[in-house]
Amino acid sequence: MSEKKLDLGSWVNDIVQHLLDNYSDGFDSVGAVVNGFSEGIEWVLMLPPAWLLIAIFVGLGLWRIGYKFAIFTAVAFVLIVLTGFWEQTVVTLGLTFSATLISLLLGIPLGIWAARSERVATIIRPILDFMQTMPAFVYLIPAAMLFGLGRVPGIIATVIFAMPPAVRLTNLGIRQVNKEIIEAGQSFGCTPRQLLFKVQLPNAMPSIMAGVNQTIMMALSMVIIASMVGAGGLGNDVLASIQRLDIGLGFESGMAVVLLAIILDRITESFGTPQTANRSSLFSWVNSKLQRQ
Amino acid sequence: MQSGKIVVENLYKVFGPQPQEAIELLKQGWSKERILAEKGAVIGVSDVSFSVEEGEIFVLMGLSGSGKSTLIRLINRLVEPSDGNVYIDGQNVAKMPKAELIDLRRRDMSMVFQSFALMPSRSVLDNAAFGLEVAGKSKKVREERAMRVLKQVGLDTFAHKMPHELSGGMQQRVGLARALAVDPSMIIMDEAFSALDPLKRREMQDVLLELQKTDRRTIIFVSHDIEEAMRIGTRIGIMEGGKLVQIGTPQELIDNPANDYVRNFFNTVDTNRYLTAGQLMADSVPIYVHNGKAPDAQTVCQELQDMDKHYAFIVDEHNNFQGSISLEKIALLVEGGSSCGLDGDVLKQISPLAEDTPLDQVIERLVDNEGPIPVIDEHGHYSGAISKGRLLTRLQGESHE
């Protein structure tokens, strides 16, 4: 490395140290909330026996997509159970869900705000770029310093990494709503609030759901990396396989991640596209039978 | 202030910085091009005043960019006016507080859009009920009313379909139903039928005209299709470069176009179709007055032969049409030796045409009738005659100048 003219790094060190020295109570309470939230979600996911949780996912697949995908879901989960990764998978699922929910809770309102204010959009944009492209390992470490090792810094880092698509696609979705549809809302006497909830958000839904899908996928990939700060789940196995050069373990745990990713992706994606009658889902088949009578 | 359902007074819309300054310069006689070049302000609508009567279909026409779409959006204030007033039932919309404006939009005005602007995630029924939902009506009330208007536009069986399952024409019927559901006294229609193919467009115009027969609403209709404007418009306003250059009935605009821009609109139109009996008639048939004493057949026969005319009309002393007789018939009477008067049985009864009878009906009557047909004015008095020859020369010779 050539000699430094400007030592940005030491400033950042100072800032983190300053935060640690002065605001550790604040970080502790945020950490406690995040921890409680994520433990709650994990507890709910652990509550039903494996077969019931699998049945719920298979049911979702059957309803939203079709019987072929339902079969795939069943086979995938059975494979995970048989290879002995079920428990870690549920932990990873819990981490992914908590990080996703927090990301959406923050990201969607932020996206709405950005869509309504040019200034907010301008300010937010570079911040989102930063969050998305700054290598994830870089902020895993300050996160661990500020929140201590464990699931909390993992979730915080995941939120930082996974939130941008939710903000971006909410903002984009709202801005892309056809101008005449907005005018239609206004001309029938919508208040700004009604316009948002009855016109803009419903019409931006496909885009927002694409953002949700992206957020889930990015969260899933990040919670694996977050095992480095002790977040737990499948990431632990992946990490262990790297440390022990255990290719077999790496493949098995990696496979579980991939299968989980495919299932989550297809199911959330299906909520972004409106259901049409010719979809091969059981639901629409039953529906058509009922209507015929 | 003029009277009328909608009164627009000296309305301006300037896009860009310092609209007030731009308006001042316009008043000083600057052209909009100069204002754009030197001040960077775009003049959307410039000093427009007009009024629309209750129950009228007022069509705004103009080339694209002439400001017609902006003008109608100033009326329901989707676009904020820069200056001027818009009165609806005497209330000044341009100066109204936001809350009142929202209330007025919910209660008494609605809009139909060129792209239909239906909500894709709502069923046809929920789309039609949108205005009522926004106004806070209960589910039961709004679905019942939405169903009723869907029936009016012939879509009740499609109530539970989604918009994308419908054809363009049907989607715009939903747009129309949505506008009708709130039962407004005025509707703004922005190129509502322009996106439809010609057959569907005509069909929708019929739907609109039919609806106007049962519930007369005040409609401002933007169009760039002159045929459409003449078909549905009570009056037409022509816009050019943000200004309203002329307002009048279709007939008035054809007869007296204010400038070449207006005249050009009618170039493509077969204006003959809009001719009426009053414009087609002439003094081509000799008149004989039956003032208690019938005209003498012998005299009439001689005079007709001298004038080379084949028919005569008989009117009474109050100028009411009595009947028609052909030279042939008079000649027969004279030959028969009876020196009788022309009245009663010998006259042929023809029901006269009113002056405002359109061309197609005039032609229909001429086809059925041997000789010329009398035309009467609004008081029932004889005012002229139309013969086949006269009609043909009129259609061929002078089209409307």
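Kindly provide the set of residues from the stretch B:52-71 that are more than 18 Å from the chain's Cα centre (by Cα) and either among the hydrophobic types (A, V, I, L, M, F, W, C) or not assigned by TED's automatic domain parsing to the domain that holds residue B:191 (or both), ordered by number. Those that are more than 18 Å from the chain's Cα centre (by Cα) and either among the hydrophobic types (A, V, I, L, M, F, W, C) or not assigned by TED's automatic domain parsing to the domain that holds residue B:191 (or both): B:63, B:71.
Take residue B:207 and tell me if it is among the aliphatic types (A, V, I, L, M) and farther than 20 Å from residue B:59 by Cβ.
Values: among the aliphatic types (A, V, I, L, M): yes; farther than 20 Å from residue B:59 by Cβ: no.
The answer is no for residue B:207.
Filtering B:118, B:180, B:150, B:104 for residues that are of a type outside the set (D, E, K, R), away from chain A (no Cβ under 14 Å) and surrounded by 19 or more Cβ atoms within 10 Å (Cβ to Cβ) leaves a single hit, B:150. Out of the residues in the stretch A:139-154 that are hydrophobic (A, V, I, L, M, F, W, C) and either under 19 Å from residue A:236 (Cα atoms) or within 20 Å of the chain's Cα centre (by Cα) (or both), state the one that is surrounded by the most Cβ atoms within 10 Å (Cβ to Cβ). Residue satisfying both the conditions and the ranking: A:152. Look at (1) more than 10 Å from chain A (Cβ to nearest Cβ); (2) buried (at least 21 other Cβ atoms within 10 Å of the Cβ); (3) of a type outside the set (D, E, K, R) and you find that residue B:111 fails only one, number (1). Per the conditions (1) within 8 Å of another protein chain (Cβ to nearest Cβ); (2) touching a helix residue (DSSP H, G or I) at 6+ places or on another chain (Cβ under 6 Å); (3) buried (at least 19 other Cβ atoms within 10 Å of the Cβ); (4) not β-branched (Val, Ile, Thr), the sole criterion not satisfied by residue B:132 is (1).
Out of all the residues in the stretch A:179-192, is one or more more than 19 Å from the chain's Cα centre (by Cα) and more than 10 Å from chain B (Cβ to nearest Cβ)? No - not one qualifying residue is present in the stretch A:179-192.
Residue-by-condition table, conditions (1) crowded, with 24+ Cβ neighbours inside 10 Å; (2) touching an Asp or Glu at 6+ places or on another chain (Cβ under 9 Å):
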{"site": "A:171", "(1), (2)": "yes, no"}
{"site": "A:203", "(1), (2)": "no, no"}
{"site": "A:210", "(1), (2)": "no, yes"}
{"site": "A:228", "(1), (2)": "no, no"}
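So which helices (runs of 4 or more DSSP H) are wholly in the stretch A:43-134 and hold at least 3 residues that are over 21 Å from the mean Cα position of the chain (by Cα)? Lay out the reasoning, then the answer.
Details: elements: A:50-64, A:67-82, A:86-116, A:118-133.
Passing ranges, in order: A:50-64, A:67-82, A:118-133.
Just one of (1) over 17 Å from residue B:165 (Cβ atoms); (2) within 12 Å of chain A (Cβ to nearest Cβ) fails for residue B:139. It is (2).
Considering only residues that are aliphatic (A, V, I, L, M), within 22 Å of residue B:246 (Cβ to Cβ) and outside any helix (DSSP H, G or I), look in the stretch B:60-84 and name the one that is nearest to the other protein chains (Cβ to nearest Cβ).
Here is the first cut: in the stretch B:60-84, the residues aliphatic (A, V, I, L, M) are B:60-61, B:63, B:71-72, B:74-75, B:78-79.
Then keep just the ones that are within 22 Å of residue B:246 (Cβ to Cβ); that gives B:60-61, B:63, B:71-72, B:74-75.
With the extra rule that they be outside any helix (DSSP H, G or I), the set shrinks to B:60-61, B:63.
Working: B:60: 17, B:61: 20, B:63: 20 Å.
Out of the qualifying residues, it is B:60.
Looking across the stretch B:261-282, just one residue is at pLDDT 85 or above and part of a loop (DSSP other than H, G, I, E, B), and that is B:281.
Given the stretch A:168-284, what helices (runs of 4 or more DSSP H) lie entirely inside it while holding 3 or more residues that are among the charged types (D, E, K, R)? Lay out the reasoning, then the answer.
Details: elements: A:179-187, A:201-225, A:234-243, A:247-272.
Answer list for the stretch A:168-284: A:179-187, A:247-272.
What residue, of B:283, B:296, is touching a residue at least 12 places away in the same chain (Cβ under 8 Å), surrounded by 14 or more Cβ atoms within 10 Å (Cβ to Cβ) and of a type in the set (D, E, K, R)? Spell out the reasoning first.
Numbers: B:283 fails: surrounded by 14 or more Cβ atoms within 10 Å (Cβ to Cβ).
Answer to the check: B:296.
Out of B:158, B:116, which single residue is at positive phi and modelled with pLDDT of 90 or more?
Values: B:158 fails: at positive phi.
Criteria check complete, one pass: B:116.
When we screen A:244, A:168, A:175 for residues that are within 29 Å of residue B:69 (Cα to Cα), away from chain B (no Cβ under 12 Å) and among the basic types (Lys, Arg), the only hit is A:175.
The values are calculated or read from the model by the stated rules, or taken from the named source; none is laboratory data. Everything numeric in this text was worked out from a predicted model, so none of it was measured. Cβ coordinates were reconstructed from backbone atoms using ideal geometry, including for glycine residues, and neighbour counts include every protein chain displayed.
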